[in-house]
1. Would you confirm, using the coordinates I've provided, whether D36 is out of contact with any Lys or Arg (no Cβ under 6 Å at 6 or more places or on another chain), acidic (D, E) and free of Cβ contacts under 8 Å to residues at least 40 places away in the same chain?
2. Select the helices (runs of 4 or more DSSP H) contained entirely in the stretch 78-150, then report the ones holding at least 3 residues which are touching a residue at least 40 places away in the same chain (Cβ under 8 Å).
3. For K149, indicate whether it is at pLDDT below 85 and not small (G, A, S).
4. Could you give every pair whose Cβ atoms fall below 6 Å, whose first residue belongs to the stretch 39-62 and is under 21 Å from W24 (Cα atoms), and whose second residue is exposed (fewer than 10 other Cβ atoms within 10 Å of the Cβ) and of a type in the set (G, A, S), counting only separations of at least 6 or pairs across chains?
5. Looking at this structure, is D28 touching a Lys or Arg at 6+ places or on another chain (Cβ under 7 Å) and on the phi < 0 side of the Ramachandran plot?
6. Restricting to the stretch 38-70, what's the tally of residues that are surrounded by 11 or more Cβ atoms within 10 Å (Cβ to Cβ), touching a strand residue (DSSP E or B) at 6+ places or on another chain (Cβ under 9 Å) and in a loop (DSSP other than H, G, I, E, B)?
7. Given L116, L110, L104, which one is in contact with a Cys (Cβ under 9 Å, 6 or more places away or on another chain), more than 30 Å from R50 (Cβ to Cβ) and not assigned by TED's automatic domain parsing to the domain that holds L45?
8. Residue by residue through the stretch 46-58, note down the ones that are modelled with pLDDT of 80 or more and closer than 26 Å to D19 by Cβ.
Amino acid sequence: MVGHGHRKAVLAPGINAVDDLLTWWLRDVRHQFGDDWDDPDAPMLPSERRDRLTGRCLRVGANALRTGLADAVQRWLPAWNGQLTPHGLRHYCASSLYASGVDLKAIQELLGHSWLSTTTRYIHVHESHIERVWVQANQRVAARLAGGKG
């Protein structure tokens, strides 16, 4: 993040055609929030609030995202009200990536954690994953022994 020396840059993988969505946003929508659309320090997701000194749009804050998710959950998933949060989604994402075989170090970088120990607390491993990994490890050992590779 340019201009925020105290923050660690976070990678955001582009999946499920998010590149098309971002292209549309940057090409057709973002410029409507101000003439700073091509400034690399300008917020990609600006709010309607403006900086009193510069007149520029401020970044959408965490509370706006939390509130938006909470409103959507209350409307569309009332059984999950109060349980589905942005932080919970980070845990779910980390756990899903790990279960899909993504390396723990890569997940650490995606989440922007400085310490691997923080990332391990985000990962909730299902017992079927542990059993599957155990079986795969034993199959690799058996294959090495059968092939004479040590």
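The values are calculated or read from the model by the stated rules, or taken from the named source; none is laboratory data. No experiment lies behind these values; they were computed from the predicted model shown. Don't worry about glycine lacking a Cβ; one is built from the backbone with ideal geometry, like all the others, and counts go over all protein chains shown.
1. In short, no.
2. Fully inside the stretch 78-150 and qualifying: 104-111.
3. In short, yes.
4. D41/G3
5. Here the answer is no, as D28 does not meet what is asked.
6. 7
7. Matching residue, one of L116, L110, L104: L110.
8. Hit for the stretch 46-58 is P46, nothing else.
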